Amino acid sequence: MAINIKMCTLEDSRKLQEISHETYNETFKHQNSPENMNTYLERAFNLKQLEKELSNISSQFYFVYFNNEVAGYLKVNTNDAQSEEMGDESLEVERIYIKDKFQKHGLGKYLLNKAIEISMERNKKKIWLGVWEKNENAIAFYKKTGFVQTGAHSFYMGDEEQTDLIMTKTII
């Protein structure tokens, strides 16, 4: 069992698009309408949008490989790339997704630890994320790893307004 992490570059944009579509669909298609899913996927994961995000120096993407196969990915943001105004002392985990077939191998924790490592390297005091209030497995995972709910914000899935819980962990 070999687990590796690789930082994504612009050359990875198509691979990033594929895994973004696959993991987002696996995670949320059962709880959202096909129309809203398609609208969101096209807006958030079109190549032009992903290339823009990959080019932002305040955002980084990482692939996690399990036995040399891309199993998931992580996106972290600092500074003005954060989706909420959290200040210069914060790092946002905007996306952390693992393909269904690689669930239960500790890869989510592996990626979260990578995000914590990045935040410590950059002298951030806290790490935060937004998680859909109906994503009970993810909420339980984040609570187990020391995150606490500190707020909420709206998230639009197509034309449907949903609520993301903002969860934060203090880094020393």
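What the table shows:
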read-out	value
Filter result for the condition that a residue is within 25 Å of Thr170 (Cβ to Cβ), crowded, with 18+ Cβ neighbours inside 10 Å and not β-branched (Val, Ile, Thr), over Glu92, Glu53	Glu92
Failed item in (1) outside any strand (DSSP E or B); (2) of a type in the set (A, V, I, L, M, F, W, C); (3) under 14 Å from the mean Cα position of the chain (by Cα), with Ile57 passing the rest	(3)
Subset of the range 95-119 [in a helix (DSSP H, G or I), open to solvent by 70 Å² or more (accessible area, probe 1.4 Å) and closer than 12 Å to Val64 by Cβ]	Lys109, Tyr110, Asn113
Some residue of the range 68-89 being in a loop (DSSP other than H, G, I, E, B), over 27 Å from Lys143 (Cβ atoms) and open to solvent by 20 Å² or more (accessible area, probe 1.4 Å)	yes
Whichever residue in the range 1-33 is surrounded by 15 or more Cβ atoms within 10 Å (Cβ to Cβ) and among the acidic types (Asp, Glu) and, among such residues, is farthest from Lys109 (Cα to Cα)	Asp12
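The values are calculated or read from the model by the stated rules, or taken from the named source; none is laboratory data. What you are looking at is a predicted structure, and each value in this text was computed from that prediction instead of being measured. We place every Cβ from the backbone using ideal geometry, glycine too, and count neighbours over all the protein chains shown. When the accessible area is computed, the model is the full protein with side chains, heavy atoms only, and any ligands, DNA or RNA have been set aside. Shrake-Rupley method; radii C 1.70, N 1.55, O 1.52, S 1.80 Å.
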